[in-house]
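Contents: one structure, followed by commentary.
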Amino acid sequence: MVLRLVLLLHDPLPAENPHHRRHVHPEASGHSGRSGQGHRRPGPGEDLHRPFGPLRPQLRTWPGEPVLPVQQADGPVEDGAVGTLHVHPRPDGLGAEADQKHRTTSSHHSESPPVGRPLVKYAYYPGCSLEVNSAAYDISVRAVAEELAIELEELEDWNCCGATEYFSQDELTACAVVARNLALVDPELDQLIAPCAACYLNLKKTDHLMANNPAMGGKVNECLAAGGLKYEPGRVWVRHLLDVIHDDIGEDAVRDKVVRPLTGLRVAPYYGCQVVRPISEGDCTEYPMKMDRVFTWAGAEVVPYPVKSHCCGGHMTQISEPQAFELIRRLLASAVEAKADMILCMCPMCQLNLDAYQSRVNGFFKTNFQVPIVFFTQVLGVAFGLAPEKLGFGKEIVAARPVLEAKLSAPAGVGA
């Protein structure tokens, strides 16, 4: 497809775009959010950030400051308490009718489909990272999906989602690039799984912006028309695999698939800052619990991890290493303090930063972290009895297999 028409459509948008407010957390607990006043949006081709600028004054919690309460004990809890699951209506503003249409194949975890259920087909958007540095994620996603009777139909001729920075640079162009992938979804399918956190957020955000900003949606479709495509906002429900496992597959089916319980393995579920934003579905944005629950079903010991939704720094390693290393250090230190054996990720950037820069963080802070950083699908696959070569183990820098061998009783196949 040719997207040259996109380059001609640079009409300015309001400097203070209200749609962005749904996709970001306040700067600190209790903060009402940035007003946006006095800030000018960068134009096409301008730098996104000033290199080596000061770290913003508040990053939710600093070392020594109070953090979010730890996971709540089992039993009745009041709605709104930390650790509870908040089930919201579909957050794309399309109403209950669209929500019901997309939930025809879903069920609550207490109404799990049988293990021998027929295959349920979803469109699949792997994204660029899963083809290169995060190949273990793609390998394990496909393996776990097959075990759970989830059929993944990869989009044909998909393109990069533009990562997270592009939306700050030129929102229209970013939406057009992302919407092309939505337009490529098979007309017979209405759900799209995107495991990468940035891809998931961009797809979700684009669908929301087009639905709630008709002018934007019209311009995006003008761009798509250059390649013979069109996208109707709301036609595709963008999902993360974790949501599908937790909400659609459910507890009973997951427990039934476990042949090698993760008993004795202490895991720190790390969600990152993108998949838990308010536009996402059905989890607490400050203290999400879906991954915690899934790994409890798989027999693991889920440790309290109060920084589970904090930012890993993203691409800040390319802008200011001291600030980036501090963000990574906090995540590693919290896991070590909780005596976690490994950190489970659902975002390629988070996994890359915590794994690839761990030795650099050790050198910078004179620490000695040796925490394996793996994707949640890899360890879930172990619980399902899959061999390590089918899950991408060995691609991480801090080796995870020795920990699995030491911690899991009768780890058949893990050490093979």
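The values are calculated or read from the model by the stated rules, or taken from the named source; none is laboratory data. Just so we're clear, the structure is a prediction, and the values are computed from it rather than from any experiment. A quick note on method: Cβ atoms are made from the backbone with ideal geometry, for glycine too, and the neighbour counts reach across all protein chains shown.
Note on segment 211-230: residues that are assigned to a helix (DSSP H, G or I) and more than 23 Å from Y124 (Cβ to Cβ) amount to 11. Every test in (1) under 17 Å from A298 (Cβ atoms); (2) part of a helix (DSSP H, G or I); (3) in contact with a strand residue (DSSP E or B) (Cβ under 8 Å, 6 or more places away or on another chain) is passed by Q378 save one, and that test is (3). Within this structure, R260 fails the test of being surrounded by fewer than 23 Cβ atoms within 10 Å (Cβ to Cβ), more than 20 Å from A400 (Cα to Cα) and more than 20 Å from the chain's Cα centre (by Cα). What single numbered condition from (1) farther than 25 Å from A145 by Cβ; (2) of a type outside the set (G, A, S); (3) out of contact with any helix residue (DSSP H, G or I) (no Cβ under 7 Å at 6 or more places or on another chain) fails to hold for D355? Tallying (1) farther than 25 Å from A145 by Cβ; (2) of a type outside the set (G, A, S); (3) out of contact with any helix residue (DSSP H, G or I) (no Cβ under 7 Å at 6 or more places or on another chain), D355 fails exactly one: (1). Cβ separations smaller than 9 Å between residues 6+ apart or across chains give the following pairs from segment 169-184 residues that are over 12 Å from P233 (Cα atoms) and surrounded by fewer than 24 Cβ atoms within 10 Å (Cβ to Cβ) to residues that are among the charged types (D, E, K, R) and modelled with pLDDT of 90 or more: L172/K219; L184/E156; L184/D157. For P288, the conditions (1) in contact (Cβ under 8 Å) with a residue 24 or more places away in the chain; (2) buried (at least 19 other Cβ atoms within 10 Å of the Cβ); (3) assigned to a loop (DSSP other than H, G, I, E, B); (4) within 19 Å of the chain's Cα centre (by Cα) are fulfilled apart from (1).
Among residues of segment 387-404 that are over 16 Å from R260 (Cβ atoms), those with a beta-carbon under 8 Å from a residue that is of a type in the set (V, I, T) and in a loop (DSSP other than H, G, I, E, B) at least six positions away or on a different chain give the pairs V398/V371.
Scanning segment 158-210 for residues that are assigned to a loop (DSSP other than H, G, I, E, B), closer than 20 Å to M316 by Cβ and not hydroxyl-bearing (S, T, Y) turns up C161, G162, A163, E165, C196.
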